[in-house]
1. Here is a list: A:Glu100, A:Glu85. Which entry is more than 17 Å from A:Ala44 (Cα to Cα) and open to solvent by 10 Å² or more (accessible area, probe 1.4 Å)?
2. Out of (1) part of a helix (DSSP H, G or I); (2) over 20 Å from B:Ala183 (Cα atoms), the odd one out for B:Ala247 is which?
3. Limited to segment A:286-310, what total is found for residues that are touching a helix residue (DSSP H, G or I) at 6+ places or on another chain (Cβ under 9 Å), surrounded by fewer than 23 Cβ atoms within 10 Å (Cβ to Cβ) and more than 24 Å from A:Lys272 (Cα to Cα)?
4. Is it true that A:Ile281 is among the aliphatic types (A, V, I, L, M), more than 9 Å from chain B (Cβ to nearest Cβ) and not in a strand (DSSP E or B)?
5. Checking the condition β-branched (Val, Ile, Thr) and more than 26 Å from the chain's Cα centre (by Cα), which residue from A:Thr280, A:Thr217, A:Thr259 passes?
6. When you scan segment A:333-345, do you find a residue that is over 23 Å from the mean Cα position of the chain (by Cα) and within 16 Å of A:Phe442 (Cα to Cα), even just one?
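The values are calculated or read from the model by the stated rules, or taken from the named source; none is laboratory data. These figures come from a predicted structure and were not determined experimentally. Every residue, glycine among them, receives a Cβ derived from its backbone with ideal geometry; neighbour counts consider all protein chains shown. Side chains are part of the model used for accessible areas, which takes the heavy atoms of the whole protein and leaves out ligands, DNA and RNA. Shrake-Rupley method; radii C 1.70, N 1.55, O 1.52, S 1.80 Å.
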Amino acid sequence: MPGLDEVSEIKSDGLRTAARHPVPRGEPILEMRSLQKKYGAVEALKPASITFLSGEIHAIVGENGAGKSTLIKLLTGVIRRTSGEIFWCGKPVQLDNPQEAIARGINAVHQEVVLCPHLSVAANMFLGDEINSAGLMRKRAMTEAAQGVLDDLGFNLPAAATLGSLTIGQQQLVATARAAMRGTQFLIFDEPTAYLTRQESAQLFRLIRRLQGEGVTIVYISHRMEEVFELADRVSVLRDGTHVGTRKIGETNDAELITLMINRTIEQIYHKEHFQAGETILETRGLSGPGFEDVSLTVRAGEIVGLYGLIGAGRSEFALGLYGRHATTSGEVYWQGRKVDIANERKAMDLGIALAPESRRDQGLCLNVPIGLNINLPIFNRLTRGLTINRQQEIENADRQIKDLKIKTPSRRVLASAMSGGNQQKIVIGKWLSHGAKLFIFDEPTVGVDVGTKAEIYRLFARLLENGAGIILISSYLPEVYELSDRLHVFRRGRLVASHDYRAASHEEVLTQAIGV
Amino acid sequence: MSAESVESGTGPAPRKGVSILFGLTLLGLLLFLWLLLGLATNSFWTPNNISNLLRQGAMTAILAVGQTFVIITAGIDLSVGAVVGFTSVIVAWLLAAGVPLWIAIILTLAFGVLIGAFHAFGIVRMGLPPFIITLATLTSLRGIGLLITNGSTISITNEAFTNFSRADFLGVPSLFWMVIVVAIPAYIFLHLSRFGRYLFAVGSNSEAARLSGVNVHRTIYLAYILSSTCAAFVGLLLASRIGIGNATQAEGWELQAIASSVIGGTSLFGAVGSVHGPLLGAFILATINNGANLLNVNSFWQRIITGVLIIVIVYFDQLRRRGAR
């Protein structure tokens with residue numbers, strides 16, 4: 001393994017310092033004992049005891065909001081535990097800051113890459129640990145060493161390139177290589193394949209197995225069952241902040257894991273009511289714009305039209321184009337049979353289109369203002385009497401949405417940032433229920449939302465349909481769009497490549513069309 | 001991403017209560033300073049000094065209110081001091097040219113509107129950061145003012161105009177009445193009208209505001225126009241008070257305005273602010289300057305004290321915010 005050795009020679013003092021706590025393979029390296037994390041009154045992680053064995057690949061599965069991210073943050077020292085203990089190599093440790101975690105050899109590779117996009121790949125790999133001589137950085141030496149590591153790992157990436165010029169998948173590989181060359185003992189992967197192509201995933205898996213071969217303990221967080229069964233030795237399941245069990249991979253199957261994860265059958269979650277489809281609300285003909293091309297589809301009253309595809313397949317772009325956020329370049333939009341030109345968001349809203357966008361944080365919510373302001377934001381012009389806002393109506397509407405949607409807050413004056421993912425999504429929905437619409441576009445409505453809220457959201461869909469609205473549901477989570485859509489369209493690379501009626505195609509068929517093998 | 005947002009659904013205290021509490025703390029600080037100075041000096045609680053104090057604080061207070069609108073949108077207006085100097089020149093120049101007083105006043109305020117619109121244009125259409133575009137006008141406006149006056153000052157002979165700043169109404173200096181004239185509509189605008197709500201929404205997340213049908217561009221125009229118009233109004237008051245138009249006047253007032261706003265609880269990250277906060281902030285600063293003069297403290301110390309005060313108050317405000325999470 002010339003690459004890694006070379007690096008450790010160059011920086012024999014800086015790298016691999018954490019290798020001073022060797023634990024024999026198969027012995028506990030990190031133990032959580034009744035580890036608990038509370039945010040105010042909300043228990044993000046209920047007291048959990050999980051033991052990680054040296055040199056194993058330990059998968060952690062759970063729905064969004066099950067407490068996986070909290071667990072990673074506790075183990076990497078990003079947040080402090082509320083109670084419980086952590087034992088590292090048999091000794092109790094504080095682990096309350098990231099520096100301590102890194103010094104002990106605990107590292108994480110995050111789903112979203114947290115590196116500097118303007119620096120080169122090599123500079124990122126050596127960030128904070130640069131090779132110096134006489135106070136000057138040895139840029140060429142670093143680039144060569146980094147290239148050695150990358151080549152050795154079989155990544156075929158240029159070390160001199162700017163990180164930002166790589167795909168997100170490639171950046172993820174760089175982040176992994178960075179962790180690998182820092183003498184990591186305990187490496188956590190947080191849903192690493194979410195943005196990777198198949199080939200990149202395969203490269204990553206090879207790397208993970210190789211690190212395992214070198215004695216590194218791997219924690220692999222995912223909700224893709226097939227990956228868990230391909231990689232892991234053992235698997236722990238989290239549900240709503242509770243550790244519900246740990247299994248050896250040979251002694252379980254995906255049906256058992258899914259039951260553990262969601263504690264109910266698929267039918268109970270994916271609440272689906274079928275309504276007689278009414279008039280056509282929306283029709284697009286050959287609509288093209290930034291990120292999508294030649295999309296033709298119709299939405300009728302009382303039906304859910306699902307858009308499935310991988311991230312970046314052009315579904316959200318289509319939604320934003322339709323909504324007037326981005327100008328469309330060609331094609332036509334018909335609203336209730338009439339040709340319309342939706343030039344901006346206000347126009348879309350006035351027609352009766354509502355958009356709950358993909359990212360609550362970036363597009364959906366004003367986080368550091370009160371919940372009430374968010375809920376009323378689209379309707380302040382309606383609430384205005386003369387110069388000022390009708391306070392009474394403003395308060396009534398906010399409180400009504402909070403009550404109807406069961407948003408868990410003591411008051412409409414609490415900041416939106418203080419809410420959990422599920423409650424935040426309800427605020428976004430409340431905003432559009434205040435305004436009212438004929439066509440609701442929900443883009444990834446259940447990401448980061450707990451199972452209970454998910455079921456509530458699906459029931460709400462049925463209520464909207466019952467009242468004669470139509471829904472466009474965008475999701476990257478196949479079971480969701482598959483079970484809920486009256487008509488399912490598959491997107492790939494900005495185009496609509498296939499369409500199916502309710503449950504007319506198999507999961508595999510839809511997935512294959514989305515990936516395009 | 002889910003876990004860090006899984007924060008308390010019941011923990012944080014309702015926001016309005018906190019904001020009132022903070023306002024009361026500031027008011028308490030102001031009264032405390034007045035009490036202290038009353039005990040420490042014989043001359044503080046004299047009608048003359050109080051009038052003086054109210055006059056000193058008035059102009060910064062009006063600037064700070066305008067500045068606050070901009071800061072709530074997560075922007076900054078560095079040009080307000082220069083606008084004050086520039087518009088003092090404009091009004092003096094118009095009066096010297098024989099323009100009737102009320103037309104001169106309207107034209108001067110119109111300049112404020114134009115300057116604000118130009119700032120918003122630079123931000124919205126040219127994509128310039130607020131810091132840059134207002135820094136550019138800061139230096140340019142001083143230059144234009146100096147060009148107009150050829151580096152000197154223009155005297156104002158209109159007595160009706162210059163007497164105004166010395167006049168009292170109901171025993172209170174007319175300059176202080178101007179604060180009230182600005183503050184009441186400002187309060188209605190920011191706290192009671194939908195445009196105020198839009199300022200907060202845009203400052204918090206302009207993309208979310210936009211997708212909710214808020215006209216983000218119009219909101220930004222509004223904020224910068226209001227800030228510059230407040231500054232032009234202060235330009236009129238200053239010209240009236242010193243009886244001249246001079247482009248180099250009001251040097252550094254933009255920093256006084258920003259400091260008042262920040263002391264008054266406005267967050268430079270946007271989406272947090274009020275009308276009463278910057279008013280109190282401005283009078284706290286004025287009191288410190290006034291008190292330091294009365295106590296014969298070296299005027300250099302005043303600057304140091306002001307700096308320390310900004311750090312202390314904003315630090316406590318940060319602690320409070322973190323505590324609320």
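1. Exactly one of A:Glu100, A:Glu85 is more than 17 Å from A:Ala44 (Cα to Cα) and open to solvent by 10 Å² or more (accessible area, probe 1.4 Å), namely A:Glu100.
2. Among (1) part of a helix (DSSP H, G or I); (2) over 20 Å from B:Ala183 (Cα atoms), the lone unmet condition for B:Ala247 is (1).
3. 5
4. The answer is no for A:Ile281.
5. It is A:Thr280.
6. Checking segment A:333-345: at least one residue is over 23 Å from the mean Cα position of the chain (by Cα) and within 16 Å of A:Phe442 (Cα to Cα).
So that you can scan it fast, the table gives a plain yes or no per residue for (1) more than 30 Å from B:Ala74 (Cβ to Cβ); (2) open to solvent by less than 60 Å² (accessible area, probe 1.4 Å); (3) among the hydrophobic types (A, V, I, L, M, F, W, C):
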| residue | (1), (2), (3) |
| --- | --- |
| B:Pro129 | no, no, no |
| B:Thr139 | no, no, no |
| B:Gly143 | no, yes, no |
| B:Leu147 | yes, no, yes |
| B:Gly151 | yes, yes, no |
| B:Ile154 | yes, yes, yes |
| B:Thr157 | yes, no, no |
| B:Ala167 | yes, yes, yes |
| B:Leu170 | yes, no, yes |
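Each row is one residue, and each column tells you yes or no for (1) in a helix (DSSP H, G or I); (2) not hydrophobic (A, V, I, L, M, F, W, C).
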position: B:Ser88; (1), (2): yes, yes
position: B:Gly98; (1), (2): no, yes
position: B:Ile103; (1), (2): yes, no
position: B:Leu109; (1), (2): yes, no
position: B:Leu135; (1), (2): yes, no
position: B:Gly145; (1), (2): yes, yes
